[in-house]
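Down below is the structure, laid out as structure tokens.
The values are calculated or read from the model by the stated rules, or taken from the named source; none is laboratory data. What you see is a predicted model, and the numbers here were worked out from it, not measured in a lab. Backbone-built Cβ (ideal geometry, glycine too); neighbour counts: all protein chains shown. To get the accessible areas, we keep the full protein, side chains included, count just its heavy atoms, and leave off ligands, DNA and RNA. Shrake-Rupley method; radii C 1.70, N 1.55, O 1.52, S 1.80 Å.
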Amino acid sequence: MGNNMQETAAISCPYCGENIEILIDCSVPEQTYIEDCAVCCRPITLDVSIDEDLVPQVSPRHENE
């Protein structure tokens, strides 16, 4: 049984503006965590919510906002 609860999401880094892909764990309905930008290596705070269709909604922001 394949329960792959991970999705990729494309975001724009709030620091350098580059588009990057992140991996989201869709088994957690609401989460906030920090992931470093793959381009500029600065920490991005990610506010994630998963809708009823298991589609992640991601809001990236500066670490200190």
Original post:
Of all residues in region 1-43 being of a type in the set (D, E, K, R) and either open to solvent by less than 80 Å² (accessible area, probe 1.4 Å) or closer than 16 Å to residue 65 by Cβ (or both), which is farthest from the chain's Cα centre (by Cα)?
Top reply: 42
**OP:** Name every residue in region 29-65 that is in contact with a strand residue (DSSP E or B) (Cβ under 7 Å, 6 or more places away or on another chain) and of a type in the set (A, V, I, L, M), in order of residue number.
**Re:** 34, 38, 39, 44, 46, 48, 50, 58
Original post:
Do we have residue 55 as open to solvent by 40 Å² or more (accessible area, probe 1.4 Å) and modelled with pLDDT under 95 here?
Top reply: yes
